[in-house]
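The values are calculated or read from the model by the stated rules, or taken from the named source; none is laboratory data. Since this is a predicted model, take the numbers as computed values, not measurements. Please note: Cβ atoms are built from the backbone with ideal geometry, for glycine as well, and neighbour counts cover all protein chains shown.
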Amino acid sequence: MSAKILSNQSDKNDCLISLVNGLNGAGIIYFSSRNTAESVAAMLAQKTTKRTAAYHGGMENRARFQIQQQFMQGEIDVVCATSAFGMGIDKNNVRYVIHYHLPGNIQSYMQEIGRAGRDGKPALAILLYEPNDRYLQANLIENTYPEDQLIAYLYNHPEKMAHNDQFRVVEFYHEAGFLVDKASSLLHQARQRRINELEEMTRYIFTSGCRRQFLLRCFDESLDAGSVNYQFCCDFHSDFWPRWQAFNARYLKSAASKPKKAETDWRETLQKLFLSKN
């Protein structure tokens, strides 16, 4: 596990291009923005030698299924994805997971980095951070939980909530029969919980100790020092960034673990699922 603090977006893009160009094997890059996932996938396709694709929940089912299957079969090297990617994807030889944006909480981060190295072989989890990343997540929180005045207005004008995703959280409490004061109180609590989770995620970036220990403490667990190979633990125990190319060359073999050939070609499955009615 490693995190790199960068000065700005341009430096982050340069670092990402260098990593994707150099790292062996299949990789997933996670984003908080659909548009950024698409633009970075296009950038990597142009500036690296890797086969890249974007994936997010706004895409048509057919396109998403095709990308999933191409990634599973080794026809795509790198997927630039939102959190929509990964559920139901059981590719055991993902060699690295990179977070381009700061995740909203430790739980999401742990779930997403857990998709690397499921074959038991060495894998990397890298988080790239620049100062605006925290503001992106903070803005998402602010836009999700409206202020009391807006909540009261929406309660008095419920038609304003219809077919508007921005107000679906208020609509849920309204339709469940909660009074406006109770809804406001619950939304305040949820908003504060999200803020606390973001602060915890930010502390992970700037921790001066073992990252594995930090994550385990978040789940009230502890590290059994005798069972840990610190060479593969985190950047606290090893000088990772000056040596990542050597680590990659030695441990992240692109052919170390190939997925089994599917009994049915994914194109046949796609044909059956989406084209049979035509």
| Residue that is nearest to the chain's Cα centre (by Cα), among those in the stretch 52-62 that are crowded, with 16+ Cβ neighbours inside 10 Å and in a loop (DSSP other than H, G, I, E, B) | His56
| Those helices (runs of 4 or more DSSP H) lying entirely in the stretch 160-231 with at least 1 residues under 30 Å from Lys121 (Cβ atoms) and in contact (Cβ under 8 Å) with a residue 12 or more places away in the chain | 180-206, 211-218
| note | Across the stretch 122-167, the tally of residues that are of a type in the set (Lys, Arg) and more than 17 Å from the chain's Cα centre (by Cα) stands at 1
| request: Answer yes if at least one residue in the stretch 68-83 is touching an Asp or Glu at 6+ places or on another chain (Cβ under 7 Å), at pLDDT 90 or above, closer than 18 Å to Lys12 by Cα and assigned by TED's automatic domain parsing to the domain that holds Gln245, and no otherwise. | output: no
| note | Considering the stretch 202-260, residues that are among the acidic types (Asp, Glu) and modelled with pLDDT of 85 or more, and then whichever is surrounded by the most Cβ atoms within 10 Å (Cβ to Cβ), we arrive at Asp235
| query | Across the stretch 18-42, what is the number of residues that are surrounded by fewer than 17 Cβ atoms within 10 Å (Cβ to Cβ) and under 22 Å from Ala3 (Cβ atoms)? | reply | 5
| query | Looking only at residues in the stretch 56-75 that are without any contact (Cβ under 8 Å) to a residue 60 or more places away in the chain and among the aliphatic types (A, V, I, L, M), which one is farthest from Ala26 (Cα to Cα)? | reply | Met59
| said: So for the stretch 29-39 (the condition being of a type in the set (Gly, Ala, Ser) and either in contact with a helix residue (DSSP H, G or I) (Cβ under 8 Å, 6 or more places away or on another chain) or part of a strand (DSSP E or B) (or both)), does at least one residue qualify? | reply: yes
| Are there any pairs, at least 6 apart or on different chains, whose C-beta atoms fall under 6 Å, with the first in the stretch 29-55 and closer than 15 Å to Ser10 by Cα and the second surrounded by fewer than 18 Cβ atoms within 10 Å (Cβ to Cβ) and at pLDDT 95 or above, and if so, which? | Lys47/Ile17
